Every structure is written in structure tokens, then in C-alpha cells.
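First up is the structure itself, then whatever we jot down about it.
The values are calculated or read from the model by the stated rules, or taken from the named source; none is laboratory data. Source: prediction; values computed, not measured. Ideal geometry is used to build each Cβ from the backbone, glycine not excepted, and the neighbour counts take in all protein chains shown. Calculation scope for accessible area: heavy atoms of the full protein, side chains included, ligands and nucleic acids excluded. Shrake-Rupley method; radii C 1.70, N 1.55, O 1.52, S 1.80 Å.
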Amino acid sequence: MVNQNKQQQFQKLQTILNELPWYVDEYINHKLRKLSTASLFNYCHDYKIFFNWMINEQLVSGNVKDIPLERLEQMTVLEVESFLNYLHYQLNNKELTVNRKLSALKSLFNYMQNIAETPDLKPYINRNVMAKIEFNEVKESMETKANKMEGKILLGDEYEKFRLFVANDFGEINKENKKIYNFYQLNKERDTAIVSLILGSGLRLSELTGIELDDIDYKKYCVRVIRKGNKEQFVYFSQVAMADLKEYLSIRTAKYQVDKTNKALFISAPMGPKGKSRRLTARSVEKLIEKYATAFGKPSLSVHKLRHSFATRYHAEINDVPKLRRQLGHSSIQTTMIYTHIKNDDLKIAVDKMDMPKEQIE
């Protein structure tokens, strides 16, 4: 059954599209599979502001629906800059908001120049003025970036809760759905090992999917990976991750019917009667994390957010930025420094104590 809220969002989108030119309708339909209806509605709202501004400035006559492609092709850089100034100074839009609206216009114009085709296979427009317009430079502080990240990663006891959810609870809440439950039972050891390894090492997605069986050092608790720039490095991981890896490896061959020549650590479930097990793809890992994250109640979690979660925890417990930089494989220490700005509960407790009577602190 289609979600009622989705239907309402779709109806809102269709209503605003009726007020816009035909080529916008076509562009939105092109994007419908890739973006949410809410995002596309915001795009349309931005286009409506732009087209109404064109009419109010007498750059074109008639109504919004009738603005021709030819007029967009003839727009000048000065006209677009005037529109951006209008957003900033008359509508009081902040620089980030102006950038978002400009991004929506750039995407539309790019579609008309490089993707859409007339019946005789010509682009809708040959000249794209939006390609000449630069975004406002907006520099976010480390604190701002950290605050944005904070609500989207695992903190405190959420690390172990999420791991246990993948290892057990997801199956419990899906017992009534045989298809989901049986697929989970097949893959739970593998999926737990994946989550555990990312949370216990901070590996990138490409590094994780590239691991071979021989890359794991069971004595030193580390794994050989190929990092950015094709650099080889041994990365340490946690004891919990090792335990989960060993449990997965104990069932890997039997459950996945793996050929001895297949040395990939993480394997996909064989499909069909003659299905062959293959190395798990990066997209498959992304999808399985999305599945568990949504069921866990934290849909913003992704493979990269799990990496951030590891880094945040590492910094809170070890507080050694150079070591963290090496563990994550960052080429610049500035990239690693963001984790020093994410909320540290120990610091908060210390500050809270400043407000307590001295006898309570002691």
C-alpha cells in the first residue's frame, strides 16, 4: 500500500508543476526516481521564484508557463547575478540558501544542455549561462561541521546497541516475515562482522570490500588494505571485531558455497539454482547498512557515518590525533581534526561539575 504521505507530497509536486514551463515538468520527471518528492518540490519552488523574477524585471512577457527555452539560452551573466543579488538583498536569503537555489538552476540548465534532446537529437539549449556562475564561498567552521555530523553518527552505548541489533534484534523483529527472516539468518554472521569491523577499525567502504582472506593477521589484530593513492597499510581492529570475524569465517564456506579459489573475505549470497558466490560489492554493503540503520531508527547512518563513529570514539578514548590520522588513512591532519570538535561527554561532565557545590564534586 502506497504511503499516504508520499501520495500527498506527489500531489503537491504535480500542483506546482502545473504552474511551470513544460521543460521543468520534463526535468522533474527525469529526476523523480533519484530524488524525493519533497526535494523536487523545493526545486520547483526555487524555479517559480526565478521565473516570476524574470517577469517582474520585464526580461520576458506573458506568464511563467510560457517562458520559452530561447529566452533562457539568451540570458546574460549580469542578469543571473542580478537575480542572485535579489535573493540575497531583497529576500534576505543567506549565502547557503542562495547557493542551494543556484544549484537547482544549474541542474535544470545542465539537463537542457547536456541530457534533453529534441526529436532531431539536438540539445534544448546550446548556451548555458548557469555554467559560468560560481557559488558563494561559504566556509564552515570545524565546530559547525562537527555539529552537523553529531546527530548522524553512533555515540556512547549506541555502538554496541547497533552491533547487537545487527547480530540478533533485527531477526527478532522480523520473525513473522519469512522472506526477510530467512535472508537475515543466512547473512547475519557476515553482516555483523562487516558492521563490527567498520566500527572497530574505521575502514573505508572500498578498503572493506577489497579485503582478501590472507590479508588478516590473527595474531596482531590487523588487516592489510589498499588505501587512497594505492598505498598498502596494515590497519588495527578491535577484539570484538576479531570475534565477529572468526564467527563469520566459521560458516563462510558452508553457507555461501564458496569455491576454494575465491579469496574475497566478504561474499554475496548465491542467487538462483546455479548461483555462484561472488565478492560482496560496495553497493551491496551500502544497502545492507541502510537496511539495518532504518530498522534501528537511525536512517542517516551509512558506511561513512560508521567510519565517523569509530573516529569519534577513538578520539574520545585515545586523544591522539596523529595516531587517528594514520588509522583512518587521512593524507592531511586537518581532515582528522574535525573529530576533536565533536561533543565529548567527559568534557561535558567536567563542565557540569563546575556548577555543583564543592562537597558534591569531592
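For the reader, a short list of remarks on this structure follows.
- Fraction of antiparallel bridges per DSSP, the chain only, in percent to nearest 5: 100
- Angle between the chain longest axis and helix 22-31 axis [Cα atoms, degrees, rounded to 10]: 0
- Carbon plus sulfur fraction of accessible area for the chain, probe 1.4 Å, in percent: 50
- Shape class of the range 15-141 from the alpha-carbon gyration tensor: rounded, with the ratio a/c of largest to smallest axis under 1.5.
- Span from the the range 174-237 Cα centroid across to the the range 25-55 one, whole angstrom: 40
- Cβ-derived FRET efficiency at R0 56 Å, T118 paired with L186, nearest 0.05: 0.65
- When the alpha-carbon atoms of the range 115-268 are used, the pair Rg, Dmax equals 22.3, 66 angstrom.
- Here's the picture: charge each Lys and Arg Cβ at +1 and each Asp and Glu Cβ at -1 in the chain, and of T118, Q90, L288 the one pushed furthest to the positive end of that dipole is L288.
- Efficiency of FRET from Cβ geometry, K65 and S302, R₀ 45 Å, rounded to 0.05: 0.70
- Taking I125, I216, I153 as the candidate residues, the one with maximal mean-square fluctuation in a Gaussian network model of the chain, Cα springs under 10 Å, is I125.
- Of W53, W22, the residue with the largest accessible area leads and the full order is W22, W53 (1.4 Å probe).
- Residue order for S61, S107 - accessible surface, 1.4 angstrom probe, largest first: S61, S107
- Computed from point charges on the beta carbon alone (+1 for Lys and Arg, -1 for Asp and Glu), the dipole magnitude for the range 209-283 about its Cα centre is near 280 Debye.
- Between helix 37-56 and the chain: long-axis angle, C-alpha atoms, 0 to 90°, nearest 10: 30
- Note on the chain: helix-only mean residue ellipticity at 222 nm, from DSSP H runs of 4+ residues weighted -39500 (n - 2.57) and normalised by residue number, equals -16500 deg cm²/dmol.
- Rounded to the nearest 0.05, the FRET efficiency derived from the C-beta distance between I133 and L164 at R0 = 45 Å is 0.35.
- Convex hull of the chain built on C-alpha atoms - directionally averaged projected area, nm²: 27.1
- Charge-dipole axis of the chain as Lys and Arg at +1 and Asp and Glu at -1 on Cβ define it, positive-most pick from F41, C222, L186: L186
- 12 Å cut-off, amide nitrogen to a point 7 angstrom out along S39 Cα→Cβ, residues in the range 91-123: 104
- Counting only alpha carbon atoms, the long axis of helix 239-256 and the longest principal axis of the chain meet at about 80°.
- Accessible area of M271 (1.4 Å probe, protein heavy atoms only, ligands and nucleic acids ignored): about 150 Å².
- R127 accessible area, 1.4 Å probe, all protein chains in place, Å² to nearest 10: 80
- Each label was represented as a point 7 Å from its Cα along the Cα-to-Cβ direction; for E290 and L91 these points are 3.0 nm apart.
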